[in-house]
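These notes are about the structure you will find just below.
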Amino acid sequence: MTVAPKFRRFDLIAFDWDGTLWDSTALIVKCIQQAVADVGGQPPSDEAAAYVIGMALMPALARAAPDMPPEKYPELGNRYRYHFLKHQDDISLFAGVLPMLHELRERGHLLAVATGKSRRGLNDALRDPQLKGLFDGSRTADETAGKPHPLMLQELMAEFGVEPERLLMIGDTTHDLELARNAGCASLAVTYGAHGRKGLEALQPLHISDSVADMHQWLLAHG
């Protein structure tokens, strides 16, 4: 195990949820495609459906189904929720996430979630007993503003009295990295979620991890 630095570079580490901590990318893609088909649209490709992960639900669905008229958006959202709720208990944290979170807390980092999920959706996920007490705060798209608007991180910084240079945003999409950039914060990207390395590299995160284990090691050495 890499020896932790004596001083922390970041006081607050904010994680995206889906595709970063929670192994849900494939399910979300499938649910978006099924929802679009249910309302009579042309289902998006896997790549197009994955691209919108991390955005607030309605803008994400609208982008994934450009042939859908706006009056169909509420029905589209309802069909997505229907399919997701049927299978949400089939997904779990990526292997290695829990030990990483526990060690970061032991080092004194504040931990938060900044997600495109709804508050209800995130609360459902956080009911997992393994996660009790691990996160100090969270923000969701329906109670602030969707990514890449910086409001989620701005509110978390205000809540904990943290300056932008002391916050690190971690996510699997360009939306997460743009959120960090818009808030004046550093970012770390992971490639095992929704977006590929090339798009992530273009936004110049401090590091790109191909696994939870690599992210864990980097955070101990550089976080």
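Read-outs throughout are calculated quantities, based only on the coordinates presented, and are distinct from any laboratory measurement. Since the model is a prediction, treat every value here as computed from it, not as a measurement. Cβ coordinates were reconstructed from backbone atoms using ideal geometry, including for glycine residues, and neighbour counts include every protein chain displayed.
Can you find, among 158, 34, 50, the residue sitting farthest towards the positive end of the charge dipole of the chain, where Lys and Arg contribute +1 and Asp and Glu -1 at Cβ?
In the chain, that residue is 158.
Using only the alpha-carbon atoms of the stretch 25-90 as identical scatterers, what base-10 log of I(q)/I(0) does the Debye formula give at q = 0.12, 0.20, 0.29 Å⁻¹?
Cα-only, vacuum Debye calculation for the stretch 25-90: -0.23, -0.66, -1.44.
Listed here are the pairs 30/147; 72/132; 72/117; which of them are more than 32 Å apart at the Cα?
Details: 30/147 22 Å; 72/132 38 Å; 72/117 20 Å.
Correct reply: 72/132.
With an 8 Å cut-off on Cα pairs and a minimum separation of 6 or more residues, tell me the relative contact order of the chain in percent. All intermediate terms of the calculation are to be shown ahead of the outcome.
Values: 392 pairs, mean separation 60.6, N = 223.
Dividing the mean separation by the residue count of the chain yields 27 percent.
Do me a favour and compute the ellipsoid semi-axes for the chain from its Cα gyration tensor, root of five times each eigenvalue, largest one first, whole Å. Let's see the in-between values first.
On the way: eigenvalues 177, 58, 53 Å².
Over the Cα atoms of the chain, the ellipsoid semi-axes are 30, 17, 16 Å.
With axes computed from alpha carbons, what is the tilt in degrees of helix 25-38 against the longest principal axis of the chain, rounded to the nearest 10 within 0 to 90?
Orientation of helix 25-38: about 20 degrees from the principal axis.
Under a Cβ-only charge scheme (Lys and Arg +1, Asp and Glu -1), can you give me the dipole magnitude of the chain about the Cα centre, in debye to the nearest 20?
Values: 22 positive and 29 negative charges, 46 e Å.
About 220 debye.
Report the net charge of residues surrounding residue 148, where surrounding means a beta-carbon distance below 11 angstrom and charges are Lys +1, Arg +1, Asp -1, Glu -1.
Details: positive: 147, 181; negative: 176, 178.
Summing Lys and Arg as +1 and Asp and Glu as -1 gives 0.
For the chain, what is the percent of antiparallel DSSP beta bridges, rounded to the nearest 5?
Details: 1 of 22 bridges.
That works out to approximately 5 percent antiparallel.
Of the options 82, 220, 174, report the single residue whose Cα projects farthest towards the positive end of the charge dipole of the chain (beta-carbon charges: Lys, Arg +1; Asp, Glu -1).
Projecting each Cα onto the dipole axis, the largest value belongs to 220.
Charges at C-beta only: +1 for Lys and Arg, -1 for Asp and Glu. How large is the resulting dipole of the stretch 127-223 about its Cα centre, in Debye rounded to 20? All intermediate terms of the calculation are to be shown ahead of the outcome.
Numbers: 8 positive and 14 negative charges, 27 e Å.
For the stretch 127-223, the charge dipole is close to 120 debye.
Would you compute, from DSSP H runs of 4+ residues alone, the mean residue ellipticity of the chain at 222 nm, taking -39500 (n - 2.57) per run and dividing by the full residue count, rounded to the nearest 500? Walk me through the intermediate numbers first.
On the way: 10 runs with 96 residues, N = 223.
Estimated from H runs of four or more residues: -12500 deg cm²/dmol.
Any chance you could give the angle, 0 to 90 degrees and rounded to 10, that helix 151-160 forms with the longest Cα principal axis of the chain?
30 degrees
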